[in-house]
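To keep things clear, I will list the structure first and then write my remarks on it.
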Amino acid sequence: SGVRELALRAHAWSWFGDPLPQGHRLLGGRRTLPGYPFHGFAGQHVGAASVEVSTDLGTPLLRLRGAVHSGWSGGADADVLSRWDAEETDGVRSAFSIGVGLFWDILHMDAARGWNGGEWQAILSIDRLWWDHL
């Protein structure tokens, strides 16, 4: 039997008062909300969560991966949104992704699709555990 994993990730940011434009958080694209344009959403208050599952396919060289993602942004004013060429999420946005992990899950090849007006994206990445070594 292969190794199975379940990973839950959640991130939340909130600024109170009147932050500078760069104090707003951006959401969209890989690592935050795949299946939507990169940094397509902005807000003074932002939250993102994902549930990822993966399992070996008979060998550690090939791993099946799947995930469900969601995110929300709000509280940005029109000047900030136009500066970042972004919008608020207008409710919770969701996406799913499916792909494979190669070579002991170091190299990831995923396809993601955003619901609620999203798009198909092909994502090639390296596992975060290796980022410090690259």
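The values are calculated or read from the model by the stated rules, or taken from the named source; none is laboratory data. Owing to the predicted nature of the structure, the values given are computational and were not obtained by experimental measurement. Here the Cβ positions follow ideal geometry from the backbone for every residue, glycine too, while neighbour counts run over all protein chains shown. These area figures cover heavy atoms from the full protein model, side chains too; ligands, DNA and RNA do not enter into them. Shrake-Rupley method; radii C 1.70, N 1.55, O 1.52, S 1.80 Å.
The figures follow:
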| read-out | value |
| --- | --- |
| Yes/no for A42 being at pLDDT below 85, touching a strand residue (DSSP E or B) at 6+ places or on another chain (Cβ under 7 Å), open to solvent by less than 30 Å² (accessible area, probe 1.4 Å) and part of a strand (DSSP E or B) | yes |
| Lone qualifier among I98, I123 - being surrounded by fewer than 19 Cβ atoms within 10 Å (Cβ to Cβ), out of contact with any Pro (no Cβ under 8 Å at 6 or more places or on another chain) and not aromatic (F, W, Y) | I98 |
| Residue identified as of a type in the set (D, E) and surrounded by 14 or more Cβ atoms within 10 Å (Cβ to Cβ) among D105, D132 | D105 |
| From V92, V68, residue being open to solvent by 40 Å² or more (accessible area, probe 1.4 Å) and closer than 20 Å to E5 by Cβ | V68 |
| Criterion violated by V51 - all others in (1) assigned to a loop (DSSP other than H, G, I, E, B); (2) open to solvent by 40 Å² or more (accessible area, probe 1.4 Å); (3) among the β-branched types (V, I, T) satisfied | (1) |
| Search result, residues across the stretch 15-38 that are in a loop (DSSP other than H, G, I, E, B) and within 24 Å of M109 (Cα to Cα) | G28, R30, R31, T32, P34, G35, Y36, P37, F38 |
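Here's the yes/no breakdown for (1) modelled with pLDDT of 90 or more; (2) out of contact with any Ser or Thr (no Cβ under 6 Å at 6 or more places or on another chain); (3) of a type in the set (F, W, Y); (4) on the phi > 0 side of the Ramachandran plot:
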position	(1), (2), (3), (4)
G29	no, yes, no, yes
P34	yes, no, no, no
V51	yes, yes, no, no
G66	yes, yes, no, no
V92	no, no, no, no
R113	yes, yes, no, no
G117	no, yes, no, yes
D127	no, yes, no, no
